[in-house]
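Here the structure comes first, spelled out in structure tokens, and everything after it is commentary.
The values are calculated or read from the model by the stated rules, or taken from the named source; none is laboratory data. Predicted model, so just to flag it, every value in this text is computed and none were measured. When we count neighbours, we look across all protein chains shown, and the Cβ atoms used for this are built from the backbone with ideal geometry, even at glycine.
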Amino acid sequence: EDQVTQSPEALRLQEGESSSLNCSYTVSGLRGLFWYRQDPGKGPEFLFTLYSAGEEKEKERLKATLTKKESFLHITAPKPEDSATYLCAASILTGGGNKLTFGTGTQLKVEL
Amino acid sequence: GAGVSQSPRYKVAKRGQDVALRCDPISGHVSLFWYQQALGQGPEFLTYFQNEAQLDKSGLPSDRFFAERPEGSVSTLKIQRTQQEDSAVYLCASSLLPSKDEQFFGPGTRLTVL
């Protein structure tokens, strides 16, 4: 069964305190690994897609990396506005489209 | 509009009522997905459309759930005889082409069944 697991479930950081979020996956037919940000009451907002082991992508204070079994979202010198739930998802081919299998998310809180 | 829109944003239904949730994808997007998100969980796949064709409905939890996209643009998710366990946020996402992986999500409809 396809499975995506995220850890930790919740993380509290001080402003400027760098850390990493983990996403491990067990899927057959992986097309890509996605990271989304979700704020309360809103839909997920796309951050990154990674397709092959060793690939890295960066956006402002965020960097995503991918291995054959897991992905990391590194947050460097976070700010309070980075507080959100970060979702990881594996893209699996379905009938010509790509459905996403999500983890349960990491709820990040960055404090002053 | 620039993004995916969904209506209503909030829906309260009495158990046994039928509800209809609407999704307006980004104009020109071929692929459309519905997901269900329970409180504190990640979204779970319900169904997928490519234009007007429903190519995957493996995630629909029961035959009370029905989705359509008759003209290949707007989609409606209908839930018949709602139950308390149907309470969740229903998210719609669209992508430009089936080969394009990036899915853009709407704000969701929060359904509460009393």
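Brief remarks on what is shown
- Residue list for segment B:29-75, filter: within 30 Å of A:P8 (Cβ to Cβ) and among the aliphatic types (A, V, I, L, M): B:A38, B:L39, B:L46
- Evaluated against (1) buried (at least 18 other Cβ atoms within 10 Å of the Cβ); (2) outside any strand (DSSP E or B), A:S52 falls short on exactly one condition, (1).
- Single residue of B:L77, B:L32, B:L21 found to be in contact with a Ser or Thr (Cβ under 6 Å, 6 or more places away or on another chain) and either more than 19 Å from A:F46 (Cβ to Cβ) or polar (S, T, N, Q) (or both): B:L21
- A:K68 vs. criteria more than 11 Å from chain B (Cβ to nearest Cβ), over 10 Å from the mean Cα position of the chain (by Cα) and touching a residue at least 40 places away in the same chain (Cβ under 8 Å): no
- Check on A:D39, touching a strand residue (DSSP E or B) at 6+ places or on another chain (Cβ under 6 Å), touching a residue at least 60 places away in the same chain (Cβ under 8 Å), closer than 26 Å to B:G59 by Cβ and surrounded by fewer than 16 Cβ atoms within 10 Å (Cβ to Cβ): no
- For segment B:1-43, the candidate set comprises residues that are over 15 Å from B:Q83 (Cβ atoms) and of a type in the set (A, V, I, L, M); within that set, the residue that is farthest from the chain's Cα centre (by Cα) is B:A2.
- Index of the failed condition, A:A89 passing every other in (1) out of contact with any Leu (no Cβ under 8 Å at 6 or more places or on another chain); (2) outside any loop (DSSP other than H, G, I, E, B); (3) of a type in the set (G, A, S): (1)
- For segment B:39-64, the tally of residues that are over 18 Å from B:Y10 (Cα atoms) and either of a type in the set (A, V, I, L, M, F, W, C) or not in a loop (DSSP other than H, G, I, E, B) (or both) stands at 12.
- Verdict on B:K100 being within 20 Å of A:F48 (Cα to Cα) and either modelled with pLDDT under 95 or surrounded by 17 or more Cβ atoms within 10 Å (Cβ to Cβ) (or both): yes
- Any chance A:R37 is within 14 Å of the chain's Cα centre (by Cα), more than 10 Å from chain B (Cβ to nearest Cβ), in a strand (DSSP E or B) and within 16 Å of A:L108 (Cα to Cα): yes
- Selection count, segment B:76-102, where residues are of a type in the set (K, R) and more than 10 Å from every other protein chain (Cβ to nearest Cβ): 2
- Scanning segment B:48-57 for residues that are surrounded by fewer than 24 Cβ atoms within 10 Å (Cβ to Cβ) and touching a strand residue (DSSP E or B) at 6+ places or on another chain (Cβ under 9 Å) gives B:Q50, B:N51, B:E52, B:Q54, B:L55, B:D56, B:K57.
- Restricting segment B:33-46 to residues that are facing chain A (nearest Cβ under 9 Å) and at negative phi leaves a set whose member that is surrounded by the fewest Cβ atoms within 10 Å (Cβ to Cβ) is B:Q41.
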